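These notes are about the structure you will find just below.
The values are calculated or read from the model by the stated rules, or taken from the named source; none is laboratory data. Quantities reported herein were computed from a predicted structural model and do not represent experimental measurements. Reconstructed Cβ throughout: ideal geometry from the backbone, glycine too, with neighbour counts over all protein chains shown. For accessibility, only protein heavy atoms count, side chains too; no ligands or nucleic acids. Shrake-Rupley method; radii C 1.70, N 1.55, O 1.52, S 1.80 Å.
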Amino acid sequence: MGRRECAVFARTRQSLELALWLRTQRERRAVTYAKMAELTGHRFSPATLSRGASGRKASREVVLAYAEACGADTDEALRRWKAAQRAEAQRRRRARASTEFGDLATSVRSVMTHPKLIDHFGKLLDAMVELRAREGQPSLRDLQSAAGKTPDGRHHRLPKSSLSVILRGEQPPSRSHLTAFLEALSVPAARIRLSEKAWDRITDSEARKPPGSRHTPTRDLPARRATERTSRPGDH
């Protein structure tokens with residue numbers, strides 16, 4: 001049969017059906033691609049005719065020439081070609097819509113986590129999680145290292161134990177922890193200032209709430225835990 005058929009590559013069921021139908025016509029006629037090119041007056045090369053039955057995009061003229069060379073029904077060939085074209089157009093529209101929706105979702109997340117729109121600690125946590133994910137999800141240890149030490153060099157500015165509690169939503173960040181977290185992620189200074197102002201707004205709002213409903217962050221989680229450990233019943 002001359003040139004061997006390559007594997008079918010089709011993105012839609014209709015393109016696959018067109019390719020297989022064309023190949024069936026060639027097998028029925030028992031004709032080589034070289035002979036098909038000759039039968040079409042060499043308007044198309046054997047390679048071009050072969051690609052016409054590969055499942056990839058083929059022009060109307062190639063498909064009709066293929067069918068003619070095989071003595072097949074050209075109306076049927078045209079019907080199948082149109083169905084494949086419509087299916088491919090629909091596939092591209094779906095892919096484009098999916099991409100656009102993904103871009104829109106990303107834009108919405110970016111807007112909703114902007115410091116100027118953050119009005120409670122839940123949104124502040126969402127923003128922190130989003131920023132960390134955007135930077136490749138660095139480990140807690142890496143963030144602790146990037147934040148550096150306190151001015152006296154004795155403690156980490158952003159202890160990974162404290163950050164773990166913060167990112168799990170069990171405790172709002174202190175202002176200093178928030179600043180250290182943002183600096184560790186190389187957030188621009190202007191956005192850090194906006195985030196600090198958001199923290200101030202939230203803290204002021206929490207302070208005005210009835211005592212039982214406040215969700216106020218502590219200044220230093222490790223210190224608080226150390227106090228709790230030294231204040232167990234029976235220790236005094």
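What the table below lists for this structure:
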| quantity | calculated |
| --- | --- |
| Options 11, 43, 60, 23: the member that is basic (Lys, Arg) and open to solvent by less than 70 Å² (accessible area, probe 1.4 Å) | 23 |
| Residue check, residue 84 modelled with pLDDT of 85 or more and within 18 Å of the chain's Cα centre (by Cα) | no |
| Hits in the range 168-185 (condition: out of contact with any helix residue (DSSP H, G or I) (no Cβ under 8 Å at 6 or more places or on another chain) and either crowded, with 23+ Cβ neighbours inside 10 Å or not in a helix (DSSP H, G or I) (or both)) | 168, 170 |
| Pair list, Cβ < 7 Å and 6+ apart or interchain, from the range 10-33 residues that are at negative phi and of a type in the set (A, V, I, L, M, F, W, C) to residues that are part of a helix (DSSP H, G or I) and surrounded by fewer than 18 Cβ atoms within 10 Å (Cβ to Cβ) | 10/16 |
| Index of the failed condition, residue 31 passing every other in (1) open to solvent by less than 90 Å² (accessible area, probe 1.4 Å); (2) modelled with pLDDT under 90 | (2) |
| Matching residues in the range 19-74 - criterion: being of a type in the set (S, T, N, Q) and in a loop (DSSP other than H, G, I, E, B) | 32, 40, 45, 54, 59 |
| Residue match in the range 120-139 (condition: open to solvent by less than 60 Å² (accessible area, probe 1.4 Å), over 30 Å from residue 184 (Cα atoms), of a type in the set (Ser, Thr, Tyr) and at pLDDT 85 or above) | no |
| Count - residues of the range 188-212 that are open to solvent by less than 20 Å² (accessible area, probe 1.4 Å) and not aromatic (Phe, Trp, Tyr) | 5 |
| Residues satisfying the stated conditions in the range 140-167, i.e. open to solvent by 20 Å² or more (accessible area, probe 1.4 Å) and in a helix (DSSP H, G or I) | 140, 141, 142, 144, 145, 146, 160, 161, 164, 167 |
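This table checks each residue for (1) closer than 12 Å to residue 22 by Cα; (2) in contact with a Phe, Trp or Tyr (Cβ under 8 Å, 6 or more places away or on another chain).
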site	(1), (2)
39	no, no
56	no, yes
63	yes, yes
68	yes, no
74	yes, no
79	no, no
87	no, no
